[in-house]
Every structure is written in C-alpha cells, then in structure tokens.
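The values are calculated or read from the model by the stated rules, or taken from the named source; none is laboratory data. If you're wondering where the values come from, they're calculated on a predicted model, not measured in any experiment. Glycine gets a Cβ as well: all are built from the backbone with ideal geometry, and neighbour counts include every protein chain shown.
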Amino acid sequence: MNSEEFYAKLKKIDALPAVELDGEEKASLAKAKKINAGHEPRLLEDVLAEIEGTGRITLRIPKTLHKNLTTEAVREGVSLNQLILHKISGNPTIINNYYATGTRVE
C-alpha cells in the first residue's frame, strides 16, 4: 500500500457511521486522540525514511550483566562494544576479524 492508498483508506474510515462505545472504549479512544493530537497518521516506511542512524544507542542493563559482559570481553581480548555487537548481530566474523587482523571495529 502506498501513501496515496493509505490516506484514501483513512478518509473512508473517517466517513463510516459512528459506533456506540462503552465507557472503557471511550476512555481508550480519548487517550489515543490525546496522544496523537497534532500528528497526522503516516506510513511507517515514510517515518523510517526520515530517520538517520547515528550508530550510537544508550542501553541500561543490570550491573551484574555489565560485569559478566565486561569479563567476557576481557577474556576474549576485545572491547565491550565489539562483544555486544557480536552478540546482537549474530555475526561471528566481528570477533574472528579481530583475531585475524588485530583491528577493532568501533
């Protein structure tokens, strides 16, 4: 579905007759309207096209997990960043490249 089709479909939905809502449904709808106030609905692909990755994230993790990951990184001879990147990417070449070349991926 492209943007034009999406917005045409929204107009059709807005034209449908109103449905009787119970109290909980009315409260949920009011909350959704408040959250979306001033925001036009958009396709996810349109939003994603505007996002530029910085290559950085901030992640809060338990201290024990941080300690265990740091210990493993030291044992493997790689940075904590490299170890986590390896684990979340499922890409063993990151660690293997380090061993082969001695070059860290930052």
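Determine whether VAL74 is at negative phi, in contact with a Phe, Trp or Tyr (Cβ under 9 Å, 6 or more places away or on another chain) and modelled with pLDDT of 80 or more. When the stated conditions are applied, VAL74 does not pass them.
I want to confirm something. Restricting to segment 44-87 and keeping residues that are aliphatic (A, V, I, L, M) and surrounded by fewer than 10 Cβ atoms within 10 Å (Cβ to Cβ), which single residue is farthest from PHE6 (Cα to Cα)?
Let us first name the residues in segment 44-87 that are aliphatic (A, V, I, L, M), namely 44, 47-49, 51, 57, 59, 61, 65, 69, 73-74, 78, 80, 83-85.
Filter again for surrounded by fewer than 10 Cβ atoms within 10 Å (Cβ to Cβ), leaving 44, 47-49, 51, 57, 59, 65.
Working: LEU44: 11, VAL47: 14, LEU48: 16, ALA49: 17, ILE51: 21, ILE57: 32, LEU59: 35, LEU65: 44 Å.
Residue satisfying both the conditions and the ranking: LEU65.
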